[in-house]
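Student: Just passing along the structure, written as structure tokens.
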Amino acid sequence: MSLAVIAPQIGALSETFIRRHMEDLLPGDTVVITSSDSPPYSGHWNVECPKLIFNRFNLIEQGFGKVAKTFFPGYPRFGLPVKRFLREHNVNVILGEYLSYPVCWLPLAQKLGIPFFAHAHGMDVSTLLRQNKWQIEYMRYNQADAIITVNQVQRHRLIKLGLKPEKIHVIPCGVTVPFQPFIRNNQREIVRCIAVGRMVAKKAPLLMLDAFRQATEVYPDLHLDYIGTGPFFKSVQKLIRGWNLEQKVTLHGGQPNQLVLQLMKEADIFIQHSMTDPKSGDEEGLPVGILEAMAYSLPVVSTYHTGIPEAVKHGETGLLVEEGNSKKMAEYLITLAHDAHLRTQMGKAGWQRAQQHFSWEVEAEQLRHVMGLK
């Protein structure tokens, strides 16, 4: 078997799940087709495998003459180099990341007789799905071999659009889960919270920070490690100064996954206030940061947003609030800060749930089964 992964870019800090598909789904027998492997949107990681990258320099070097640079390649405009690349590497299965990006390659896959699988994630089944253009484009996936989503909300949404239910499979992204629950020192004076994610509207960083601020007014011995960057970064900095939280919040900026996991080991509570972007309608799928927190035995404080309740069981592995309710989120932070035993109990339950349902091994087995990979 030989697998081609078609993705918008290589190297985005927030797309470790795509890196996993490229590196570990069919190791040694995977090639990549992408638009970019360069900053500012990518370039933080790479994959060691044959790649076809859609920029004019790359294609000219491969002997395809003058081509215009594009970040949305289309068939048949670039059909020849892709066709040649797929045949050169004997590709017999294609996985397209995000529904919007790879749909233009479905006709070529059909022409070549290569099974085609499309993987939905977040914006592609929220913001874009509101647009008539993409509603029409996505209907072409009834001709694909399968569509993979990360939660039931997405699946129902695509069925309502008109895609065949039997073609849509729910397979959450998988993470590395330690063999045993992580044991923490609950005797420390400071209770450490951690937040991980791009500072964008659907992560609601200002609401999350407001919840943390309210919690510190009742329980002063809290500290927040915030990993991430994005358009709200300066607003977050401004609020931290305005609320005199400089000694209680550490902004780490964007960091590689290795450091994220190390800080999770040092933390006591994971916090994330996911919500629907009121302007664009952008939504989460099932945040990998939450799954990694569960894997490292952290109780999760988050929201009833898309796939999150499918992972975090309220009152068992964490505590959930309605979107926008920073006051209730603060109350839950205070509850967990006061109760080390509850933190440990929820953390262990989260680890067990991650081990059973959200490990990379579980995801890989399900993907290989659906895609017919051996």
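Bear in mind these aren't lab numbers, they're just calculated from the coordinates by the rules spelled out. Just so it is clear, the structure is predicted and the values come from calculations on it, not from any experiment. Please note: Cβ atoms are built from the backbone with ideal geometry, for glycine as well, and neighbour counts cover all protein chains shown.
Student: Show me 255-263, 286-294, 212-220 ranked by packing, highest mean number of other Cβ atoms within 10 Å first.
Tutor: The most tightly packed comes first, giving 286-294, 212-220, 255-263.
Student: Continuing with this model, one more query. Taking the number of other C-beta atoms within 10 Å as the exposure measure, put H156, H341 in order starting with the fewest.
Tutor: Listing H156, H341 from fewest to most nearby Cβ atoms yields H341, H156.
Student: Roughly how big is region 191-357's charge dipole about its Cα centre, with Cβ charges of +1 (Lys, Arg) and -1 (Asp, Glu), in debye to the nearest 20?
Tutor: The calculation lands at about 280 debye.
Student: Give me a comma-separated list of calculated 3J(HN,Hα) values for region 326-335, in order, Karplus coefficients 6.51, -1.76, 1.60 applied at θ = phi - 60°, integers in Hz, x for any Gly or Pro.
Tutor: 6, 5, 5, 4, 4, 4, 5, 4, 5, 4
Student: I would also like to ask the following. Order these peptides, 168-180, 127-139, by their mean beta-carbon neighbour count within 10 angstrom, highest first.
Tutor: 168-180, 127-139
Student: Could you calculate the contour length gain from N46 to H341, that is, 0.36 nm times the residue separation minus the distance between their Cα atoms, to one decimal place in nm?
Tutor: Answer, rounded to one decimal: 102.1 nm.
Student: With Cβ to Cβ distances under 11 Å as the rule, what net charge do the other residues near T335 carry (K, R +1; D, E -1)?
Tutor: Result for the local shell: 0.
Student: Please turn the phi angles of region 143-151 into ³J(HN,Hα) values with the Karplus equation 6.51 cos²θ - 1.76 cosθ + 1.60 (θ = phi - 60°), one per residue in order, whole Hz, x for glycine and proline.
Tutor: My calculation for region 143-151 gives 8, 6, 6, 6, 10, 10, 10, 9, 7 Hz in order.
Student: Here's a follow-up. Quick check: residue separation of H314 and Q352 times 0.36 nm, minus the Cα distance between them. What number comes out in nm?
Tutor: Taking H314 through Q352 to full extension adds about 12.2 nm, to one decimal.
Student: When the Karplus curve 6.51 cos²θ - 1.76 cosθ + 1.60 is applied with θ = phi - 60°, which whole-Hz ³J(HN,Hα) does each residue of region 195-203 get, with x for Gly and Pro?
Tutor: Computed from phi, the couplings for region 195-203 are 10, 9, x, 4, 7, 10, 4, 6, 8 Hz.
Student: Could you give me the radius of gyration and the Dmax of region 191-357, taking only the C-alpha atoms into account and expressing both in angstrom?
Tutor: Answer for region 191-357, Rg first and Dmax second: 14.3, 43 Å.
Student: Mind putting a number on the dipole of the chain about its Cα centre? Charges go on the C-beta only, +1 for Lys and Arg and -1 for Asp and Glu, and I need it in Debye to the nearest 20.
Tutor: The calculation lands at about 1040 debye.
Student: Placing +1 on the Cβ of each Lys and Arg and -1 on the Cβ of each Asp and Glu in the chain, which of L128, I168, N186 has its Cα farthest towards the positive end of the resulting dipole?
Tutor: Farthest towards the positive pole: L128.
Student: Figure the gain on full extension for N185 and E322 (residue separation times 0.36 nm, minus the Cα-Cα span) and round it to one decimal in nm.
Tutor: Separation in residues times 0.36 nm, less the Cα-Cα distance, equals 46.2 nm.
Student: Sort the following peptides by mean Cβ neighbour count (other Cβ atoms within 10 Å, averaged over residues), highest first: 351-364, 112-125.
Tutor: The packing order, highest mean first, is 112-125, 351-364.
Student: Turning to a different aspect of this structure: Which of H89, H369, Q255 sits closest to the plus end of the dipole of the chain, meaning its Cα is farthest towards the positive end, when Lys and Arg get +1 and Asp and Glu get -1 on the C-beta?
Tutor: Farthest towards the positive end: H89.
Student: If you average 1/r over every pair of different alpha-carbon atoms in the chain and take one over that average, what Kirkwood value in Å do you get?
Tutor: Result for the chain, one decimal place: 21.6 Å.
Student: If you don't mind, there's one more thing I want to ask. If r is the Cβ-Cβ distance from K234 to N90 and R0 is 45 Å, what FRET efficiency results, to the nearest 0.05?
Tutor: For R0 = 45 Å, the calculated efficiency reads 0.35.
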